[in-house]
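What follows is one structure encoded as structure tokens, with my remarks underneath.
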Amino acid sequence: MKKLINPSLMCMDFLAIREQITVLNKRADMYHFDIMDGHFVPNITLSPDIAGAIAPISEIPLDFHLMCTDPGLFIEPLEKAVRPLTERGVKSFLSPHAEVMSGCGFRLLDRIVSAGFRPGIAINPETPLSMIEAYMHKLDKITFMSVDPGFSGAAFIPEALDKVRQAAEIKKSDPERYHFIIEIDGSCNKKTYRLLSDAGIESFIVGSSGLFGNDPDLTAAWDIMQKDIAEALAE
């Protein structure tokens with residue numbers, strides 16, 4: 001299966017957003033868009049306003065990763081932000097964190113779908129898969145964190161792959177019921193591509209070490225990443 005490539009916009013050159021989006025539009029499968037509230041994680045990154053600036057020039061879905069204590073607060077502003085994409089028939093993803101879903105999981109997922117998003121979930125390295133099993137059949141994507149969330153460049157946590165293997169087995173056991181994309185966030189690069197793929201990863205979120213740090217020229221950086229992936233998976 002061809003791996004999906006999901007560049008993390010948190011790692012892009014913010015002085016060259018239009019130029020980099022133009023390059024990635026013809027190459028990437030979606031844009032990973034981190035939104036942090038400074039509470040769930042000790043950092044603040046991208047915002048609905050930035051999403052609103054990118055959506056009109058994007059040709060592929062935005063993939064919102066809500067590292068927020070109250071993800072419901074962001075549904076309406078993000079729905080408005082991606083309207084230029086939605087009106088062109090492009091459905092974006094919206095993934096809150098499993099750790100804040102207790103008692104509101106089904107209701108929040110229904111709100112996400114009603115707002116026109118494809119529903120996903122993100123799950124931290126130490127969080128058991130059992131926390132999301134009740135609604136896995138409703139998900140279009142599961143983003144497994146292989147680093148502790150909040151900052152780019154954190155250390156890879158191999159124990160996170162145990163859940164990836166479990167999810168791959170669940171999906172394989174009933175493909176009509178389970179249709180989620182299995183995705184990884186954190187340390188996707190030439191050192192880990194093979195390990196991640198063997199565990200069942202279908203979508204790579206690539207940041208500084210996998211894409212943007214390969215070369216100042218993003219086209220060249222992309223070609224290096226593709227070569228790294230091809231060589232890793234051919235071993």
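Selection of the range 72-92 for residues being surrounded by 14 or more Cβ atoms within 10 Å (Cβ to Cβ) and more than 11 Å from G116 (Cβ to Cβ) yields G72, F74, P77, A81, P84. The residue pairs whose first member lies in the range 25-36 and is in a helix (DSSP H, G or I), whose second member is crowded, with 21+ Cβ neighbours inside 10 Å, and whose beta carbons are closer than 8 Å, counting only pairs six or more residues apart or on different chains, are N25/S58.
Candidates are the residues of the range 108-150 that are in contact (Cβ under 8 Å) with a residue 60 or more places away in the chain and buried (at least 18 other Cβ atoms within 10 Å of the Cβ); the one that is farthest from the chain's Cα centre (by Cα) is P149. Within the span defined as the range 91-105, one or more residues are at pLDDT 95 or above, assigned to a loop (DSSP other than H, G, I, E, B), closer than 22 Å to S203 by Cβ and out of contact with any His (no Cβ under 8 Å at 6 or more places or on another chain).
In the range 164-190, the qualifying residues are those that are touching a Gly at 6+ places or on another chain (Cβ under 6 Å) and assigned to a loop (DSSP other than H, G, I, E, B), and the one that is farthest from H137 (Cα to Cα) is N189. Among the candidates M10, M36, the residue that is surrounded by 20 or more Cβ atoms within 10 Å (Cβ to Cβ) and in contact with an Asp or Glu (Cβ under 6 Å, 6 or more places away or on another chain) is uniquely M10.
Within the range 49-67, the set of residues being surrounded by fewer than 20 Cβ atoms within 10 Å (Cβ to Cβ) and either in contact with an Asp or Glu (Cβ under 9 Å, 6 or more places away or on another chain) or charged (D, E, K, R) (or both) comprises D49, E59, I60.
The values are calculated or read from the model by the stated rules, or taken from the named source; none is laboratory data. This is a predicted model, so every value here is computed, not measured. Note that we place each Cβ from the backbone using ideal geometry, even for glycine, and neighbour counts take in every protein chain shown.
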